[in-house]
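Student: Structure incoming, see below.
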Amino acid sequence: MSRVVHPIEQESFRRLRARLDTSGFPPLTRVVVERVIHSAADLDYAGDLVTAEDDLRRGHAALHAGAPVVVDVEMVAAGITRRDTVCRLREAKALDGLTRSAHAIRLAYEQVGPGALWVIGCAPTALEELLTLGADPALVIGLPVGFVGAAESKEALRASGLPAVSNVSEKGGSAVAAAALNALLYHPTSPEEKP
C-alpha cells in the first residue's frame with residue numbers, strides 16, 4: 001500500500017531541499033537525513049548524522065521482511081507510523097545498578113532476540129545496555145539526547161561496529177529517532193513503489 005503524502009509535508013520537503021542540497025547522498029542515507037531534518041527543522045543534522053548506506057540497506061530489508069522494532073520509550077513508539085513496536089519500559093525496574101531504561105532493553109531482548117531493529121531516542125543508558133547484550137541487531141538507530149552520556153553512548157555505538165544510525169552531538173530525541181525509522185519504512189522496497 002503506497003503512502004499518501006499530505007501537501008504540507010510535500011511543501012516542507014521542497015523547502016528543505018531548496019535550502020540544502022541532499023542530492024549527493026546515497027538513496028537511503030538521503031531519505032534518513034531528510035526525514036530527520038524535517039522532524040527537527042534542523043539542517044545541521046546533515047553534517048551531524050553518521051551512518052553507512054550498507055547498514056541502511058540491511059536494516060531496510062530486515063524491516064520490510066518483518067523484523068521486530070524495539071524502542072526505548074513510548075514517545076519513540078508514538079512517532080513510528082505503520083508499524084507495531086516493542087517497548088518494555090512499563091514493566092522495567094531500576095535494579096542492580098541498572099536504570100529502568102536499561103532494564104527495559106534487557107526485557108525487550110529476552111522477548112525479540114537477535115535480528116531486531118532498535119530505535120533509541122531518549123535514554124543513553126538504554127543504548128549502553130544494548131551494547132552489552134550481544135544482540136546482533138539488524139540496525140540500531142541510536143539517537144538519545146542529553147548532556148549526560150548521550151554523545152558518549154553514541155560514540156560507543158559507532159566504535160562497536162554494529163550497523164547503526166547515530167550522530168556526533170548531544171542532540172537527538174524521540175522525534176528524530178522515530179523519523180529515521182519512518183524514513184526506512186516509507187522508502188519503497190521496489191522501484192515500482194512510490195514513497
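The values are calculated or read from the model by the stated rules, or taken from the named source; none is laboratory data. Keep in mind that what you see is a predicted model, and the values were worked out from it rather than measured. When we count neighbours, we look across all protein chains shown, and the Cβ atoms used for this are built from the backbone with ideal geometry, even at glycine. Accessible surface areas use protein heavy atoms only, side chains included; no ligands, DNA or RNA. Shrake-Rupley method; radii C 1.70, N 1.55, O 1.52, S 1.80 Å.
Student: With only alpha-carbon atoms in the gyration tensor, what are the semi-axes of the equivalent ellipsoid for segment 1-63, in Å, largest first? Please list the in-between numbers first.
Tutor: On the way: eigenvalues 80, 56, 18 Å².
Sorted largest first and rounded, they come to 20, 17, 10 Å.
Student: Compute the angle between helix 27-40 and the longest alpha-carbon principal axis of the chain, please, reported from 0 to 90 degrees and rounded to the nearest 10.
Tutor: Roughly 80 degrees between the two axes.
Student: By how many degrees, 0 to 90 and rounded to 10, does the Cα axis of helix 53-64 deviate from the longest principal axis of the chain?
Tutor: Approximately 80 degrees, to the nearest 10.
Student: Using a 1.4 angstrom probe on heavy atoms only, work out the carbon and sulfur share of the accessible area of segment 111-169 in %.
Tutor: That fraction is 61 percent.
Student: Pairs of alpha-carbon atoms within less than 8 angstrom and 6+ residues apart define the contacts here; what relative contact order does segment 63-111 have, in percent?
Tutor: So the answer I get is 31 percent.
Student: For the chain, what is the relative contact order in percent, using Cα pairs closer than 8 Å and at least 6 residues apart in sequence?
Tutor: 25
Student: Right, something else. Skip the ligands, DNA and RNA, and give the accessible area per residue of the chain with a 1.4 Å probe, whole Å².
Tutor: On a per-residue basis, 49 Å².
Student: Please return the longest range in the chain lying between exposed loop sites, taking GluC sites (Glu not before Pro), DSSP loop only, at most 15 other beta-carbon atoms within 10 Å, and leaving the sites out.
Tutor: 92-191
Student: Right, something else. Return the FRET efficiency for the residue pair Thr189, Ala40: r is the Cβ-Cβ distance, R0 is 22 Å, and the value is rounded to the nearest 0.05. Display every interim value, and only then the final one.
Tutor: Details: r = 26 Å, r/R0 = 1.20.
In this case the efficiency is close to 0.25.
Student: Per DSSP helix of 4 or more residues, -39500 (n - 2.57); summed, then divided by the residues of the chain. What does that give at 222 nm, rounded to the nearest 500?
Tutor: Mean residue ellipticity, 222 nm, calculated: -14500 deg cm²/dmol.
Student: Something else: Give the separation of the Cα centroids, segment 64-85 to segment 97-147, in Å.
Tutor: 13
Student: Per Stokes-Einstein, at 25 °C and 0.890 mPa s, what whole-number D in µm² s⁻¹ belongs to segment 53-195, with the Kirkwood radius over Cα pairs as the hydrodynamic radius?
Tutor: 166
Student: Can you give the extra length, in nm with one decimal, that the chain gains between Val168 and Ala65 once fully stretched, where that is 0.36 nm per residue apart less the Cα-Cα distance? Could the numbers behind the result be given before it?
Tutor: Numbers: separation 103, 0.36 × 103 = 37.08 nm, distance 2.98 nm.
Length gained, Val168 through Ala65: 34.1 nm.
Student: At 0.36 nm per residue, minus the direct Cα-Cα distance, what do Gln10 and Thr81 gain on full extension? Give it in nm, one decimal, please.
Tutor: 23.8 nm
Student: Stretched out fully, how many nm does the piece from Glu110 to Ala159 gain, at 0.36 nm a residue minus the Cα gap? Write out the running numbers ahead of the final one.
Tutor: Values: separation 49, 0.36 × 49 = 17.64 nm, distance 2.42 nm.
Answer, rounded to one decimal: 15.2 nm.
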